[in-house]
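Please treat every number below as a calculation from the coordinates, not as lab data. What you see is a predicted model, and the numbers here were worked out from it, not measured in a lab. Note that we place each Cβ from the backbone using ideal geometry, even for glycine, and neighbour counts take in every protein chain shown.
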Amino acid sequence: MTMSRELITALMVSVIALFVDTTLLKTLTQYTDLSITSAASLAFIAGAVTNWALSVRFVFKYRRYQSRAYEFMIFMAIGVITLIVNDTVIVFVVKSLSQNILVGKGLSAVVTFAINFCLRKVLLFSSAKAKNSWDSQK
């Protein structure tokens, strides 16, 4: 699969995961007493698990590690990094800019997609033997 095809497929998978994340975020903030950060974190985790399941099935051709448990652990570690970014962006947009939580989620989705795709591609879903895959696409 070419880099551009992976990117497009990853974007489609991310849209599905974002739907899961955003729907749960809206539900949790509307119907529970959870804080914005707690609701955003739980929703983000649900979206991340959805993303992993779909990514390993549909997006990436190469898988660097044989152990699916190890791969999932790294996938989720990357998710923790972007969870911090996600929560920071959402809280900033809601508290400092007085915007709706979905505005914050929309902005955070763009930022976290870029971080997630790049880190996952480099750390998890590239051939260990392959040279720089970005160069091979030129």
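Annotated for the stretch 3-136: lysine pairs at least 8 residues apart or interchain, Cα distance under 22 Å, count 8. In the elastic network of the chain, a GNM with C-alpha springs shorter than 10 Å, the most mobile of L34, L83, L11 is L34. Most tightly packed first, judged by the mean number of other beta-carbon atoms within 10 Å of their residues, the peptides 96-103, 50-57 read 50-57, 96-103.
Contact order, relative form, for the chain: 30 percent (alpha carbon pairs under 8 Å, 6 or more residues apart, mean separation divided by residue count). Each listed q (0.17, 0.18, 0.19 Å⁻¹) maps to a log10 I(q)/I(0) for the stretch 3-136 from the Debye sum over equal C-alpha point scatterers, namely -0.86, -0.95, -1.03.
In sequence order, the stretch 106-116 has phi-based couplings of x, 5, 5, 4, 5, 5, 6, 4, 4, 5, 4 Hz under the Karplus curve 6.51 cos²θ - 1.76 cosθ + 1.60, θ = phi - 60°, and Gly or Pro positions carry x. Each Lys or Arg adds one and each Asp or Glu subtracts one; over the other residues with Cβ under 9 Å from the Cβ of N86, this totals -1.
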